Amino acid sequence: MDNIEKVRAKISMYDDEIIKILSKRMDCIDEIMEYKKEKGMPILQPEYEGKKEIALCKKLKDNKYEDEIMNIFRYIVKNAKKYQAKNLFPYNIMLIGFMGSGKTTIAKYLSHILEMQDLETDEFIVKREDMTINEIFQRKGEEYFRKCENNALRELETRKGIIISCGGGMPMKDENVELMKKNGKIVLLTASPETIYDRVKYSNERPLLNGNMSVEYIKDLMEKRKDRYESIADIIIDTDNKPIHVIAEEVVSKLATL
């Protein structure tokens with residue numbers, strides 16, 4: 001029994017060393033965040049993370065604990081990203097914009113890069129109601145769906161640090177905007193009517209466009225919402241002809257300056 005106790009004592013000693021090293025590593029993360037802000041450098045740098053992992057794989061080559069240590073390093077990196085996101089965005093990121101503006105796609109990308117949870121209000125409502133959006137509109141009407149949107153925001157009121165992709169009509173009601181402003185920063189994603197049409201033309205999950213799938217109708221509906229969207233947004237990002245990573249970096253950079 002003496003031998004195992006000695007080994008356990010050594011493990012405790014190594015644990016203490018690991019805690020000290022991890023704390024120093026996190027201090028470096030703080031320094032990097034400050035440096036990026038000061039120099040105006042991109043906050044998101046996924047290409048560096050890829051290079052870092054390749055370098056670690058080379059260092060661990062032929063190590064008998066290669067897989068286990070690599071998994072630990074990935075977990076360390078994941079939590080470092082969570083720490084950065086928590087400090088940069090101690091609030092919810094509310095993505096708004098017309099259907100097809102890229103809210104869901106950008107939310108998922110940001111979620112992956114920042115290690116933040118993402119949530120789509122339409123999906124949230126579908127699960128709560130056990131019906132598709134089309135079914136809700138057909139069976140209970142648009143006004144009922146709008147109440148569902150408000151209820152969803154109220155349920156999410158106490159949560160922080162999540163990326164929320166909001167339904168296109170959600171910002172049209174004052175009470176919704178009040179809840180959105182209370183819990184986060186509002187990011188408006190924009191695109192041209194032609195781009196929107198190209199993105200949604202094959203979708204049958206857009207009740208407001210059923211039977212009205214045309215650039216002209218989309219343009220008219222966008223014009224009706226444009227002033228409202230822009231008046232409540234904390235930042236505005238144009239998504240036309242931009243790759244996802246560029247849009248995401250714009251979102252993060254502009255939010256970081258608020």
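The values are calculated or read from the model by the stated rules, or taken from the named source; none is laboratory data. For clarity, every value in this text was computed on a predicted model and none was experimentally measured. Please note: Cβ atoms are built from the backbone with ideal geometry, for glycine as well, and neighbour counts cover all protein chains shown.
Gly50 satisfies every condition listed in (1) touching a residue at least 60 places away in the same chain (Cβ under 8 Å); (2) on the phi < 0 side of the Ramachandran plot except (1).
Here is the figure for the range 30-55: residues that are among the aliphatic types (A, V, I, L, M), in contact with a Lys or Arg (Cβ under 9 Å, 6 or more places away or on another chain) and over 20 Å from Ile244 (Cα atoms) total 0.
The condition (being hydrophobic (A, V, I, L, M, F, W, C), at pLDDT 95 or above and not assigned by TED's automatic domain parsing to the domain that holds Asn183) is satisfied by just one residue among Ile32, Ile54, Ile18: Ile18. Any residue at all in the range 75-96 that is without any contact (Cβ under 8 Å) to a residue 24 or more places away in the chain and over 17 Å from Tyr109 (Cβ atoms)? Scanning the range 75-96 turns up at least one residue that is without any contact (Cβ under 8 Å) to a residue 24 or more places away in the chain and over 17 Å from Tyr109 (Cβ atoms). Filtering the range 5-64 to residues that are among the polar types (S, T, N, Q), closer than 30 Å to Ser111 by Cα and not in a helix (DSSP H, G or I) leaves only Gln45. Would you point out which residue out of Lys201, Lys219 is under 12 Å from Phe98 (Cβ atoms) and either in the same structural domain as Gly169 (by TED's automatic domain parsing) or modelled with pLDDT under 90 (or both)? Only one candidate qualifies: Lys219.
Residue-wise test of (1) over 22 Å from Lys181 (Cβ atoms); (2) exposed (fewer than 15 other Cβ atoms within 10 Å of the Cβ).
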residue: Gly40; (1), (2): yes, yes
residue: Glu47; (1), (2): yes, yes
residue: Ile54; (1), (2): yes, yes
residue: Asp67; (1), (2): yes, yes
residue: Thr105; (1), (2): yes, no
residue: Gln117; (1), (2): no, yes
residue: Met131; (1), (2): yes, no
residue: Asn134; (1), (2): yes, yes
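Just one residue in the set Met180, Met170, Met213 is hydrophobic (A, V, I, L, M, F, W, C) and surrounded by fewer than 17 Cβ atoms within 10 Å (Cβ to Cβ); that residue is Met213. Of the helices (runs of 4 or more DSSP H) lying entirely inside the range 65-169, those containing at least 3 residues that are outside the structural domain of Lys51 (by TED's automatic domain parsing) and within 27 Å of Arg225 (Cα to Cα) span 103-114, 121-129, 133-140, 142-155.
Among residues of the range 20-39 that are farther than 25 Å from Thr257 by Cα, none has a Cβ under 7 angstrom from a residue that is of a type in the set (A, V, I, L, M) and assigned to a helix (DSSP H, G or I) at a sequence gap of 6+ or on a separate chain. Entry remark, the range 224-246: residues being assigned to a helix (DSSP H, G or I) and more than 14 Å from Ile93 (Cα to Cα) number 11 in total. Count of the range 131-178 residues, restricted to those that are of a type outside the set (Ser, Thr, Tyr) and under 30 Å from Asn79 (Cβ atoms), is 12.
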